[in-house]
Amino acid sequence: QSANIGVVGLAVMGSNLARNLASREGNTVAVYNRSRSKTDDLVAEHPEAGFVPAFSYEQFAASLHKPRTAIVMVKAGGPTDAVIDALLEVFEPGDIIVDGGNALFTDTIRREKTVRETGVNFVGMGVSGGEEGALLGPSLMPGGSDESWVTLGPILRSIAAVAEGEPCVTHIGHDGAGHFVKMVHNGIEYADMQLIAEAYDLIRRGTGKSPAEIAEIFAEWNRGELESYLIEITAEVLRQTDAATGRPLVDVILDQAGAKGTGAWTVQTALSLGVPVSGIAEATFARSLSSHPEQRSVSRNLPGPVEALQVDDVDAFIEEVRLALYASKIVAYSQGFDEIRAGAAEYGWSIDLGAVSKIWRGGCIIRAQFLNRIAEAYDAAPDLPVLLTAPYFVEALGRAQDAWRRIVQTAAGAGIPAPAFSSSLSYYDGLRAERLPAALIQGQRDFFGAHTYRRVDREGTFHTLWSGDRTEVEAEDTH
Ligand code: 6PG
């Protein structure tokens, strides 16, 4: 019983997390993998880590002192269930199983409920930061019980990234809360990436600059309010030359974006919750559109505008693209936080949105300067209903909106797809609108389905007798 924490699943994320844990004072790490060779290799390659290898679940459990704590880093879905079942055979009440995979939060809710009945604690934990983050300091989003947080808190704090002196981990909320927040993190990640891609495309097509030249623009942006990991790596990718052809790497990569599903989960969940995460949805759909070569090839000759994009003042154009990117990014984050707020209300979690923004400041893929502004907004007004109405963002949007509109117009005029830029702007204008044409939709619904409507001037629910004499009657609210 020499280890205080164990890791099951020693693929790259699992072994890096195990090495991170082992490198911190006070931790002794037990490691187990289904196929023995991974365990042997890890232990042989990292003697400095002092790993305690286990070759069966019995041995794994016997090497951990109580409460036993195991972090499971295997594929989401069936493999995770199989490992949980095996651990339950050898663990005892009070022990803790942490699922650090990208599980769907509803699976986590289900697993937590089943595991809890055995007296073992189950914690679904979002882990962000990719392979390097797992090794050097990820952003961690654990859910689960308060009891498990007592044991887990100090261990997780010791391995998390540090931002502004604070570890990037907090107890998000019960059962599936951690995985829910990680899911939305990924949705925002999709939006952020799509917005950057749209900015790149507009600059390239509008100015004819090379990827390497555009890399310098992103590097420059990374010194200002857009400073973030994704902007930084964008410059790196654009700067890369393909060894085989001598061309920019970005020009030889097939333009079909993959997705493992977390973006789609964010959108599906938002649809069920009725939260308009339009920027995230467009980003997800843009990946889908890109990945249909059979549709794209038959569509190539569809008519487009006659005039190609003509930019006269290149520097001014680039600055306007930057502002459009910043404004759309504010929308994407605002929508993401809206989804977390709605999810918390629906599933009964008490999630501190300010704390979420703080643990995203380091370690994770969407880490950015910008998250400090979000943290400040929630510090000042924890119950803020729409993040982008915080004073800082109102000022930023005010500064950006003219440019944003011009860029969306330019893109539409030139036939350049900018779905995330334009849907974010529509969302912004939708929020601002004094009146929305939703009134007409209610009228139509009432016409064909007697779905009723409410009035601006009187309480109650009404229906017009459309197929009768078209007088209005009071009605039961059917929504
Ligand atoms: C992270 C990432 C990561 C995610 C990949 C792949 O926070 O480290 O979000 O968890 O799985 O980025 O996502 P897609 O394959 O769906 O792009």
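The values are calculated or read from the model by the stated rules, or taken from the named source; none is laboratory data. Since the model is a prediction, treat every value here as computed from it, not as a measurement. We place every Cβ from the backbone using ideal geometry, glycine too, and count neighbours over all the protein chains shown. Only protein heavy atoms, including side chains, enter the accessible area calculation; ligands, DNA and RNA are left aside. Shrake-Rupley method; radii C 1.70, N 1.55, O 1.52, S 1.80 Å.
Results, tabulated for the structure shown:
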| quantity | calculated |
| --- | --- |
| Test: residue in the stretch 252-271 that is more than 16 Å from the ligand (Cβ to nearest atom) and in contact with a Phe, Trp or Tyr (Cβ under 9 Å, 6 or more places away or on another chain) | no |
| Residues (touching a residue at least 60 places away in the same chain (Cβ under 8 Å) and away from the ligand (no atom under 16 Å from the Cβ)) located in the stretch 171-186 | G173, H174, D175, G176, A177 |
| Hits in the stretch 99-121 (condition: under 18 Å from V169 (Cβ atoms) and away from the ligand (no atom under 16 Å from the Cβ)) | N121 |
| Among the candidates S145, S128, residue that is polar (S, T, N, Q), under 22 Å from N4 (Cβ atoms) and either touching a residue at least 12 places away in the same chain (Cβ under 8 Å) or within 13 Å of the ligand (Cβ to nearest atom) (or both) | S145 |
| Residues satisfying the stated conditions in the stretch 74-99, i.e. buried (at least 18 other Cβ atoms within 10 Å of the Cβ) and part of a loop (DSSP other than H, G, I, E, B) | V74, A76, F91, D95 |
| Tally, over the stretch 1-52, of residues that are not aliphatic (A, V, I, L, M) and not in a loop (DSSP other than H, G, I, E, B) | 16 |
| Any chance L325 is in a helix (DSSP H, G or I), closer than 23 Å to E166 by Cα and open to solvent by less than 30 Å² (accessible area, probe 1.4 Å) | no |
| Residue list for the stretch 189-203, filter: among the hydroxyl-bearing types (S, T, Y) and open to solvent by 30 Å² or more (accessible area, probe 1.4 Å) | Y200 |
| R367, sole failed condition from (1) surrounded by 18 or more Cβ atoms within 10 Å (Cβ to Cβ); (2) farther than 18 Å from A197 by Cα | (2) |
